[in-house]
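Below is one structure; the comments refer to it alone.
Nothing in this text is a laboratory measurement; each read-out follows from the coordinates by a stated rule. Note that the coordinates shown come from a computational prediction; the quantities given were computed from them, not determined experimentally. Quick reminder, even Gly has a Cβ in these numbers, built from the backbone with ideal geometry, and neighbours come from all protein chains shown.
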Amino acid sequence: MVDLICFIDDDDRFEIPLFTQTFGDDFDLIAGTSLEACRQAIVRRADRMPGLFVLDLYFPCGLPDEKVMEELAAHPIELPNDRADLRQAYMNFLAARDRLNKVLSARKQGPQGGLQLAAEVHGRYPNIPIVFYSRKATAEDVLRCMQQDGVVDVITKPTGRDDEDTVHLTLKMKGAIASRFLVALDPGNRQRMAEVRKAVGLIMEGVNFFNPV
């Protein structure tokens with residue numbers, strides 16, 4: 001029987017269609033923009049439960065700030081050609097990162113939203129593993145995710161220059177990503193992930209020790 005996967009992402013314009021079109025031939029899918037929407041779909045599928053939840057990490061945790069979004073849209077970022085200047089390349093990186101942080105803040109999107117979503121999923125479905133599927137996750141985000149109960153993996157979404165290129169890269173990486181889903185679906189990996197979570201906990205204790213708040 002084909003494995004049933006539940007995918008939750010706030011973007012039903014691009015991300016959900018891309019996920020379902022890419023992986024719909026390999027898995028039986030439920031997809032929605034909230035846990036409640038997916039829960040209702042699961043209830044309707046009374047014959048079986050999902051074997052895996054795949055969650056967006058940078059998930060909204062509040063209403064977007066429309067005023068800030070309008071201001072950002074009115075002042076698009078323009079970066080000079082930096083191929084010949086390492087310092088300029090670094091300044092461009094800082095400017096782009098600052099712009100991204102402002103956009104995410106205005107949209108109320110951040111890893112805390114995804115971690116809260118994972119906690120809700122684990123609370124309702126404690127025996128079903130969770131995978132984060134994100135293109136913005138940092139190394140620190142990954143460490144935080146792997147400490148979360150129920151989380152067994154963090155997978156990077158392929159990202160292209162635009163939507164068309166992102167679709168192309170996702171299809172190109174389809175086999176590798178699907179393989180990671182299959183590993184997460186395997187009950188034999190639960191003990192291994194418990195050991196990984198313990199190791200991550202020790203790493204984070206060291207980070208907190210050397211970098212006290």
Taking a label point 7 Å from the Cα of MET49 along Cα-to-Cβ, the residues of region 10-38 whose backbone nitrogen sits under 19 Å from it are 28-31, 35-38
Suppose each label sits 7 Å from its Cα in the direction of the beta carbon; what would the VAL183-ASP149 distance come out to in nanometres? 2.5 nm
